[in-house]
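Have a look at the structure below, then the notes.
The values are calculated or read from the model by the stated rules, or taken from the named source; none is laboratory data. Not measured: the values here are computed from a predicted model. Here the Cβ is made from the backbone with ideal geometry for all residues, glycine too, and neighbour counts use every protein chain on show. Ligands, DNA and RNA are excluded from the accessible area calculation, which covers all protein heavy atoms including side chains. Shrake-Rupley method; radii C 1.70, N 1.55, O 1.52, S 1.80 Å.
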Amino acid sequence: MRDVRMRGFAERADVEEVQAFLAEEVARLGPEPVDLLACVGRVLAEDVISEFDVPGFARSAMDGYAIRGEDSFGASDYDPLRLDLIGESLPGRPFLGRVEARQAVRIMTGAPIPDGADAVVMAEVCEELQDVVELRDSVAPRKNVGAAGEDIRVGTRVLPAGRRLRPQDGGLLASIGVSSVACLRRPRVQLLITGDELLAPGSRPEGARIVDSNSVVLRALVERDAGEILPYAILPDRAELIRSALEDSSADVLLVSGGSSVGQEDHAPRLLAEIGRLDFHGIAMRPSSPTGIGRLSGGENGRFVFLLPGNPVSCLCAYEFFAGPTIRAMGGGSWDWPHRRVRLPLARKISSAIGRVDYVRVAIEKDRVVPISTAGASILSSTVRAAGAVIVARGCEGMPEGEEVEVLLYDEVTP
C-alpha cells in the first residue's frame with residue numbers, strides 16, 4: 001500500500017464503483033430467536049406458518065342470542081316468536097350444553113357459539129321475559145357468526161421471510177401462539193472516534209480542544225438503520241491504540257471517525273491495510289473524498305471497516321453513501337437511501353465538476369430549492385439549516401436555476 005500521508009491521493013475511486021463493490025460483498029446476517037415482545041422492527045429470517053386456526057372456534061360477532069336460524073323465520077314486530085332461554089355463553093366461559101329446536105342462549109361478542117346453534121340474533125330486536133326470549137326479527141343460518149379459521153387457517157403462510165415486522169405483525173404472531181420468532185441478527189456496530197483534540201460529548205469546549213459530535217450523529221444514524229451499537233471509545237492519535245481497537249473489536253461493522261486523510265496523524269488507512277485489507281481509500285466525491293473502506297477477518301462474513309473523515313459533514317455524507325446501506329443490508333433492510341424525497345425547482349444554480357459526486361445541502365423556501373451558501377465540510381450547522389441534500393452525479397457539471405431536482409429530506413425517513 002502506498003502511504004499517502006503528507007502526499008495526497010494519486011487517484012480516487014468513483015462512488016458508483018464503491019457502491020457496486022459493497023452491494024456485491026455485503027451478505028445478510030444469520031438468524032437468531034427473538035422474543036415476541038421484542039420482534040417489532042426486526043426482519044424475519046424465515047416464513048411464518050400458522051399452526052392454528054384463528055379463531056379456533058365459531059364465535060359470535062355481536063351481543064345477542066344464539067339460536068337455530070330457522071327457528072326465527074316469520075318473527076316480526078307484529079308477530080314475535082318466543083324461544084326458551086337455557087343459559088349464556090361468555091368469552092372464555094362457553095355454554096356447555098346443546099341448543100335444541102326453539103331454544104336460545106344469551107351470548108356476548110366473541111363468545112363461542114354453542115353446539116346446535118348456527119346464528120345469532122342481535123339483542124336490539126329481542127326482549128327477555130323471565131325464562132324466554134322474544135324475537136321480533138328473523139335471522140338466517142350463519143348470520144352474525146364468525147367461522148373457525150375466519151381470520152387465519154392452519155397451514156397458512158401469514159408472514160414472509162424478509163419482512164420488517166410492524167406492530168400489527170407482532171399482534172398477529174401473538175394470535176397464532178408464537179412466543180419467539182427467527183429474525184435476522186442485527187449488525188453489531190462499533191464507533192472508534194479518533195483525535196487528540198476531542199472531548200467527550202457533554203463536555204464544554206476548552207482551549208484548542210473541541211467536543212466530539214460525530215459519535216452523537218453516527219449513533220443516531222446506526223439506530224435508524226437498525227444496527228446494534230456497541231460501547232465506543234475516543235482514541236488519541238496513537239497508532240498502537242488504534243491498531244488494538246481494530247484488532248480487538250467484535251463488531252460486524254466498525255466506523256472509524258477521523259484520521260482517514262493524508263495528514264501525518266492519519267494512521268487508520270495504513271493500519272487497516274496492514275492487519276486486514278483496504279479496498280478503497282480516496283473517493284471522487286465532495287465532501288468525504290478521504291473516505292476509506294476495507295475488511296478485517298472474523299465474524300460471519302468478515303468485518304467491514306469504514307474510515308470516515310473527521311469533518312462532521314464529511315462524516316455524515318460518507319456514512320449515508322456507504323456505511324448506512326451496508327448496515328441496513330446486513331440486517332435485511334434496503335440498500336436505498338431511507339429518506340423521503342421531493343422534486344422542486346432550483347432557486348439558483350448548483351455548480352459541480354465532471355468526475356465527482358457532490359452532496360449539496362439545500363434549504364426549501366417558497367417551494368424552491370436553495371443551496372446553502374456556507375457549506376464547508378466542517379460546518380455541521382449547515383445540515384441543521386438545511387431541509388435535505390441534492391446529489392449531483394459525477395457526469396454533471398452542475399444544475400441550472402429552474403431545473404427540477406430531487407431533494408433527500410432530513411426530517412422524515414422511511415423504514
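Odds and ends about this structure:
- Exposure rule at most 14 other beta-carbon atoms within 10 Å, DSSP loop chymotrypsin sites (Phe, Trp or Tyr not before Pro): the chain longest free segment: 79-334
- Each Lys and Arg contributes +1 and each Asp and Glu -1, all at the Cβ; summed about the Cα centre of region 113-233, the dipole is approximately 1000 debye.
- Inter-centroid distance (Cα atoms) of region 68-100 relative to region 132-162, Å: 18 Å
- Net +/- balance of residues flanking ALA353 in space, Cβ distance below 10 Å, scoring K and R +1, D and E -1: +1
- Long-range amide H partners of VAL305 with built H, under 5 Å: LEU254, GLY294, ARG295, LEU296
- Antiparallel DSSP beta bridges within region 128-266, percent to nearest 5: 20 percent
- Summed residue charge, Cβ within 11 Å of ARG185's Cβ, Lys/Arg positive, Asp/Glu negative: 0
- On the beta carbon distance between SER381 and GLU150, with R0 = 60 Å, the FRET formula returns roughly 0.60.
- Distance from region 344-415 to region 189-228 (C-alpha centre basis), Å: 25 Å
- Here the spin labels are modelled as points 7 Å beyond Cα on the Cα-Cβ line, and at LYS366 and GLU197 they lie 3.9 nm apart.
- Extending 7 Å from the Cα toward the beta-carbon at both ALA23 and THR109 defines two label points whose distance is 5.0 nm.
- In the elastic network of the chain, a GNM with C-alpha springs shorter than 10 Å, the most mobile of GLY298, GLY97, GLY355 is GLY97.
- Within region 141-276, the proportion of Cα pairs with more than 24 Å between them is 53 percent.
- Of the solvent-accessible surface of the chain, computed with a 1.4 Å probe over protein heavy atoms with every protein chain present, carbon and sulfur atoms account for 48 percent.
- Multiplying the residue separation of ALA123 and ASP336 by 0.36 nm and subtracting their alpha-carbon distance yields 71.3 nm.
- Sites TYR410 and SER297, calculated FRET efficiency, Cβ-Cβ separation with R0 45 Å, nearest 0.05: 0.80
- Fluctuation leader among GLY259, GLY276, GLY92 - the chain, Gaussian network, Cα springs under 10 angstrom: GLY92
- Solvent exposure of region 283-378, expressed per residue, is 34 Å² of accessible area, with all protein chains present and a 1.4 angstrom probe.
- The length gained on full extension between GLU274 and GLU134, counted as 0.36 nm times the residue separation minus their Cα-Cα distance, comes to 41.5 nm.
- Take every DSSP beta bridge whose two residues both sit in region 12-140; close to 75 percent of them are antiparallel.
- For region 116-166, the solvent-accessible area works out to 56 Å² per residue, with a probe of 1.4 Å and every protein chain left in place.
- Simple spin-label estimate for GLU240 and VAL40 in nanometres, 7 Å along Cα-Cβ: 5.1 nm
- Each Lys or Arg adds one and each Asp or Glu subtracts one; over the other residues with Cβ under 15 Å from the Cβ of PRO91, this totals +1.
- Extension reserve of the ALA353-GLU11 stretch, reckoned as 0.36 nm per residue once the Cα distance is removed: 121.5 nm
- A Förster distance of 30 Å, applied to the separation of the beta-carbon atoms of VAL211 and ILE49, puts the FRET efficiency at 0.05.
- Beta bridge orientation in the chain: antiparallel %, DSSP, nearest 5: 70 percent
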